[in-house]
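What follows is a short report on a single structure.
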Amino acid sequence: MATSTTLPPEVTTLNPKSAKITPGGAFLITDAAPVDCIFPEDFTEEQRQIAETTANFATNEIVPASDAIEAKDFAVTRRLLKEAADLGLTSVDIPEEYGGLELDKMSSAIVAENISRQGSFSVAFSAHTGIGTLPLVWYGTPEQKAKYLPRIASGELLCAYALSEATSGSDAVNARARAVLSEDGTTYTLNGEKMWITNGGIADLYTVFARCAVPADPNEAPGGEIKEKLTAFLIERGTPGFTNGKEEHKLGISGSSTTPLILNDCVIPATNLLGEVGKGHHIAFNILNVGRYKLGNAAIGGAHRSLDTAIRYAIDRKAFGKSISEFGLIQEKIANSAVGIFAGEAVCYRTVGLIDKALAGVDKNDTKEIQKHIETYAVECSIVKVWASEMLDMVVDETLQIFAGYGFVEDYPAARAYRDARINRIFEGTNEINRLIITGWLMKSAMSGKLALMPAIKSVLDEVMSGPIEKEEREGPLAEEFDLLASAKKTALFAAGVATQKYMQKIADEQEVMGAIADMIIEVYAMESTLLRAQKIADAKKQPTETAIAMARLYAAKAMDIIELSARKVIAAASEGDMLKTQTAILRRLAKHDPIDTIALRRQVAKHVIAAGRYTL
Ligand SMILES: Cc1cc2nc3c(=O)[nH]c(=O)nc-3n(C[C@H](O)[C@H](O)[C@H](O)COP(=O)(O)OP(=O)(O)OC[C@H]3O[C@@H](n4cnc5c(N)ncnc54)[C@H](O)[C@@H]3O)c2cc1C
């Protein structure tokens, strides 16, 4: 039995009302204030309770069952998912009327972070509670919800989401699986095969995507070609013609179930259509936004656990007569990881806070409006996904290097964490696809006038042409870093402007340029989030702030280097000759900054967490 206390159903987790609503992508062209952002320091008492309940459950119940989970003893995974459901952890996003807790997105993200102490279980859990359950919550009819959601909330039913196929992963809308409506309109027959489905071998209820003929548009001329478009269906395990293939042998998260699904003349009632015929892509993409920010939170949890093992090991391990934690090069790895987690918490929770704030006035039953608001932050969701998955890979790699020989053998935790982390850059949209989404989404918003990006680019160009670059008067321990942030935004806008002028509508064909612009955007967001968090900690004067300030300074320096390099790459691709020389000179002025002593700052951060024996502020 779980030793943790159950989440109280009456928990309400409203975030501070002081934060103002900002549109998605606005961070590039406007300055946020610390008060506009939610960070872990702002969690309510209830949210802290949720974090503690989840962390206790993960530590006391999931981690000890790790060997059984990794051996694919799915009875253990199922039992633990049921126990998690008994605690309320799997029903945070399920409406109260169907037996769920219906809490805010922040609580859901907190659960995602704190459950993440065993990679395989964490993936099974998030596939079930996120992409597995949300399509039904958002698109189900009242009858479908009444039939399944109470049993999902109680942990009786486990869910999976089947979009990918062997020949269509990233371009999932080109799925080959087909669904055909019977002549009397009472059933659909599905044929095809799905690939790499998490919980494929153990789920009870599957959201399956297939192409389906869209009813003729009455406005179109008769005899026009019938279109087949992606459509979602609910399929129960045990339905004749629906089976799962064998478990995949994977590089990591080996204890999670990943199988193909086979649809062989699988007949389901027409009432199992989810949403509208031909609108499956809306379901697929909207669900992925949630999957992406939750993946970010799970990655933070994984990184936190990995660094804690590295710190403990580094303290205990002796070489040349000392603890290896005393070596500068080991301290550098520990500091880099700690900064990554501090920045990661800032990036992820800021994003979830933005979403919660936007949802605050929305009717909880108006799922269309909820999705619309979440979609507004699609660019932030993709940033979280890319940034956090890459930060996690950095942390598990540094941890493995600290464990060295012991890191390379399976008896120690570093090897599995290293392998488990790698999937995060692949699913929920590969990081390449998400980078293209980030730049593409912003360009589209700019072109449509939704985001005043073009005027902002023009104003930077005007400023650099008209003389010295203005600096705001600032005070405080991070004054120089906020200056750097202003330069970072101008640099990113300048390089994006150069690329837009050169490639115009054809910029999508220049993927490397799109990728470099995405890197600048990602780093601007991460830099700003980290600085705002440290500033907010300093303003609150509740705890010693030196470590937070040091971490923010370190992150800002690193982010600026990436932004400058990416800008250089973009303008070198887009310009040549005298124009390139002029633009390079402008870039030098825009990105000009004095070096800071990152060695001393890293030592300071490392000493702090080594003294604590774990990652902490
Ligand atoms: C363990 C695991 C669990 C999974 N769970 C699920 C699940 O539960 N449900 C589900 O539906 N799917 C699931 N997937 C599938 C996963 O979402 C896909 O693997 C992923 O979307 C990538 O698709 P792909 O593997 O076909 O790669 P591809 O799309 O073939 O891509 C191959 C490479 O080309 C790049 N690429 C593709 N298109 C472009 C482009 N336009 N521009 C630039 N680069 C491009 C990709 O980034 C990648 O590097 C899972 C996969 C794994 C491994």
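For Glu228, the criteria (1) closer than 30 Å to Gly155 by Cα; (2) in contact with a strand residue (DSSP E or B) (Cβ under 7 Å, 6 or more places away or on another chain) hold in every case but one, which is (1). Which of the residues belonging to segment 390-430 are within 11 Å of the ligand (Cβ to nearest atom), farther than 19 Å from Ile341 by Cα and either surrounded by fewer than 18 Cβ atoms within 10 Å (Cβ to Cβ) or of a type in the set (S, T, N, Q) (or both)? Residues satisfying the conditions are Ile426, Thr430. Do we have Lys194 as modelled with pLDDT of 95 or more, among the basic types (Lys, Arg) and within 12 Å of the ligand (Cβ to nearest atom) here? When the stated conditions are applied, Lys194 passes them.
Note on segment 146-181: among residues that are away from the ligand (no atom under 16 Å from the Cβ) and of a type in the set (Ser, Thr, Tyr), the one that is farthest from Asn434 (Cα to Cα) is Ser154. On the given criteria, is Ser254 over 18 Å from Gly132 (Cβ atoms), crowded, with 20+ Cβ neighbours inside 10 Å and either within 16 Å of the ligand (Cβ to nearest atom) or in contact (Cβ under 8 Å) with a residue 24 or more places away in the chain (or both)? In short, no. Checked against (1) within 16 Å of the ligand (Cβ to nearest atom); (2) within 30 Å of the chain's Cα centre (by Cα); (3) surrounded by 23 or more Cβ atoms within 10 Å (Cβ to Cβ); (4) modelled with pLDDT of 95 or more, Leu263 meets all criteria but (2).
Of the helices (runs of 4 or more DSSP H) lying entirely inside segment 57-141, those containing at least 2 residues that are among the basic types (Lys, Arg) and either within 16 Å of the ligand (Cβ to nearest atom) or touching a residue at least 60 places away in the same chain (Cβ under 8 Å) (or both) span 74-86. Checked against (1) in contact (Cβ under 8 Å) with a residue 40 or more places away in the chain; (2) in a helix (DSSP H, G or I), Asp561 passes all but condition (1). Under the condition of being within 14 Å of the ligand (Cβ to nearest atom) and either closer than 28 Å to Asp420 by Cα or in the same structural domain as Ile426 (by TED's automatic domain parsing) (or both), the residues counted in segment 230-245 number 2.
Once segment 498-516 is narrowed to residues that are closer than 18 Å to Ile586 by Cβ and within 16 Å of the ligand (Cβ to nearest atom), the residue that is farthest from the chain's Cα centre (by Cα) is Val513.
Does Ala572 satisfy the condition of being among the aliphatic types (A, V, I, L, M), under 24 Å from Ala446 (Cβ atoms) and either in contact with a strand residue (DSSP E or B) (Cβ under 9 Å, 6 or more places away or on another chain) or buried (at least 24 other Cβ atoms within 10 Å of the Cβ) (or both)?
It is false that Ala572 is among the aliphatic types (A, V, I, L, M), under 24 Å from Ala446 (Cβ atoms) and either in contact with a strand residue (DSSP E or B) (Cβ under 9 Å, 6 or more places away or on another chain) or buried (at least 24 other Cβ atoms within 10 Å of the Cβ) (or both).
Restrict the check to segment 162-172 and report whether at least one residue is at positive phi and not in a helix (DSSP H, G or I). No, there is no match, as no residue in segment 162-172 is at positive phi and not in a helix (DSSP H, G or I). Counting residues in segment 165-174 that are buried (at least 22 other Cβ atoms within 10 Å of the Cβ) and of a type outside the set (D, E, K, R) gives zero. Scan segment 402-415 and tell me whether some residue there is within 30 Å of Glu510 (Cβ to Cβ), part of a helix (DSSP H, G or I), touching a residue at least 24 places away in the same chain (Cβ under 8 Å) and of a type in the set (A, V, I, L, M, F, W, C). There is no residue in segment 402-415 that is within 30 Å of Glu510 (Cβ to Cβ), part of a helix (DSSP H, G or I), touching a residue at least 24 places away in the same chain (Cβ under 8 Å) and of a type in the set (A, V, I, L, M, F, W, C).
Can you confirm whether segment 366-385 contains a residue that is in a helix (DSSP H, G or I), of a type in the set (D, E, K, R) and buried (at least 24 other Cβ atoms within 10 Å of the Cβ)? Yes; the residues of segment 366-385 include at least one that is in a helix (DSSP H, G or I), of a type in the set (D, E, K, R) and buried (at least 24 other Cβ atoms within 10 Å of the Cβ).
Please go through segment 311-355 and give me each residue that is part of a helix (DSSP H, G or I), of a type outside the set (Ser, Thr, Tyr) and more than 24 Å from the chain's Cα centre (by Cα), ordered by number.
Applying the first criterion (part of a helix (DSSP H, G or I)) to segment 311-355 yields 311-316, 324-326, 328-355.
Those still in the list that are of a type outside the set (Ser, Thr, Tyr) too: 311-312, 314-316, 324, 326, 328-336, 338-348, 350, 352-355.
The answer is Ile311, Arg312, Ala314, Ile315, Asp316, Ile324, Glu326, Gly328, Leu329, Ile330, Gln331, Glu332.
Taking every residue in segment 142-160 that is under 12 Å from Gly99 (Cβ atoms) and pairing it with any residue that is within 16 Å of the ligand (Cβ to nearest atom) and acidic (Asp, Glu), at least 6 positions away or on another chain, the pairs with Cβ-Cβ distances below 6 Å are Leu157/Asp204. Taken over segment 266-292, the criterion of being away from the ligand (no atom under 12 Å from the Cβ) and under 13 Å from Ala127 (Cα atoms) is satisfied by Val290 alone.
Taking the criterion of being within 13 Å of the ligand (Cβ to nearest atom) and either of a type outside the set (A, V, I, L, M) or more than 29 Å from Tyr161 (Cβ to Cβ) (or both), the residues of segment 431-459 that qualify are Asn431, Glu432, Asn434, Arg435, Thr439, Gly440.
Looking across segment 454-479, the residues that are within 30 Å of Ala548 (Cα to Cα) and surrounded by 15 or more Cβ atoms within 10 Å (Cβ to Cβ) come down to Ile469, Pro477, Leu478.
For segment 187-217, enumerate the residues that are on the phi > 0 side of the Ramachandran plot and crowded, with 24+ Cβ neighbours inside 10 Å.
Across segment 187-217, the qualifying residue is only Asn199.
Just one of the listed residues (Asp184, Asp217) is more than 30 Å from Val76 (Cβ to Cβ), away from the ligand (no atom under 16 Å from the Cβ), at pLDDT 95 or above and part of a loop (DSSP other than H, G, I, E, B), and it is Asp184. Remark: pairs (first residue in segment 379-396, without any contact (Cβ under 8 Å) to a residue 60 or more places away in the chain; second residue crowded, with 24+ Cβ neighbours inside 10 Å and not in a helix (DSSP H, G or I); Cβ separation under 6 Å; 6+ apart in sequence or on different chains) are absent. Selection over segment 344-364 of residues that are surrounded by 21 or more Cβ atoms within 10 Å (Cβ to Cβ) and touching a Leu at 6+ places or on another chain (Cβ under 9 Å) gives a count of 4.
The values are calculated or read from the model by the stated rules, or taken from the named source; none is laboratory data. Keep in mind the model is a prediction, meaning the values are calculated, not measured. For neighbour counting, all protein chains shown are included, and Cβ atoms are generated from backbone atoms with ideal geometry for every residue, glycine included.
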